[in-house]
């Protein structure tokens, strides 16, 4: 059982919902990411999605795009991201870390370090899961097997436009959890329609046996609570990045912890 699977099993036994924040590695300060990750965990995060900076993040809105641009300008790439996870693992052996990003950095890393290097080095660093936005399930069978051999999960996105055939494909290969994109569009866009989410989750669960987390459009305790009532977890990215980008270096981690604590309290009240 992977660390992600164990975390969701423990939460289910406690009848609690997973809190999954997203931050981009290297932003808003190049040397603060690990400190922020620890603060998120201390504030109640159950899984941390760590964004791998990429120059063309097609699924992300302007907030996360700018976050990635700032990180790239600081020279943060896959090697640096894996180094951050290794540092985080020195004092946190329990909170799962999912690398979220795009195919290009993964394939470039393998091109630089040899076939299979990404999976090998991610496992050695302490990564628990990988979400590659532009890897469709039909092209990921071998990659999923490589990850699972190292006790890592391959996580997929589903969206309001996903067909039942796509849900079945994802259900056959996904482990850990699936990330349901609650909105049509990019991260940080649109208004959350909790009724539509409530209607979509049962359809997904007909085909997907792993937990379902919901993201895009969750900005505060109220929206997190609404989504938490019908899902297994909530993912918060753009709003967290907006909070962090207004902070000083010393205030970034405390602000992250406070925001997580507010959402955690709301979820635990369900």
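Remark: pairs (first residue in the stretch 103-130, at positive phi and surrounded by fewer than 18 Cβ atoms within 10 Å (Cβ to Cβ); second residue part of a helix (DSSP H, G or I) and modelled with pLDDT under 95; Cβ separation under 9 Å; 6+ apart in sequence or on different chains) are absent.
Restricting the search to strands (runs of 3 or more DSSP E) fully inside the stretch 152-270 and requiring at least 3 residues that are within 19 Å of residue 96 (Cβ to Cβ) and touching a residue at least 60 places away in the same chain (Cβ under 8 Å) gives 233-236.
Of all the residues in the stretch 65-78, those that are modelled with pLDDT under 95 and under 19 Å from residue 112 (Cα atoms) number 0. With the condition kept exactly as written, say whether any residue in the stretch 106-114 is assigned to a loop (DSSP other than H, G, I, E, B) and touching a helix residue (DSSP H, G or I) at 6+ places or on another chain (Cβ under 7 Å). Scanning the stretch 106-114, I find no residue that is assigned to a loop (DSSP other than H, G, I, E, B) and touching a helix residue (DSSP H, G or I) at 6+ places or on another chain (Cβ under 7 Å), so the answer is no.
Residues are listed down the side, and each one gets a yes or a no for (1) modelled with pLDDT under 95; (2) farther than 16 Å from residue 122 by Cβ:
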| site | (1), (2) |
| --- | --- |
| 19 | no, yes |
| 39 | no, yes |
| 63 | yes, yes |
| 80 | no, no |
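Each residue in the stretch 93-102 was checked for being touching a residue at least 40 places away in the same chain (Cβ under 8 Å) and either surrounded by fewer than 17 Cβ atoms within 10 Å (Cβ to Cβ) or more than 20 Å from residue 7 (Cβ to Cβ) (or both), and 3 pass.
Checked against (1) at pLDDT below 95; (2) surrounded by fewer than 23 Cβ atoms within 10 Å (Cβ to Cβ); (3) touching a strand residue (DSSP E or B) at 6+ places or on another chain (Cβ under 6 Å), residue 182 meets all criteria but (2). Residues in the stretch 232-254 include none that are crowded, with 23+ Cβ neighbours inside 10 Å and more than 18 Å from residue 50 (Cβ to Cβ). Take the conditions (1) out of contact with any strand residue (DSSP E or B) (no Cβ under 8 Å at 6 or more places or on another chain); (2) surrounded by fewer than 20 Cβ atoms within 10 Å (Cβ to Cβ); (3) closer than 25 Å to residue 118 by Cα; residue 14 misses just one of them, which is (3). Is it fair to say residue 135 is over 24 Å from residue 87 (Cα atoms) and buried (at least 21 other Cβ atoms within 10 Å of the Cβ)? Taking the combined requirement at face value, the residue does not satisfy it.
The values are calculated or read from the model by the stated rules, or taken from the named source; none is laboratory data. Bear in mind that the values here come from a model prediction, so they are computed numbers and not experimental data. No Cβ is skipped: glycine too gets one built from the backbone with ideal geometry, and neighbour counts run over all protein chains shown.
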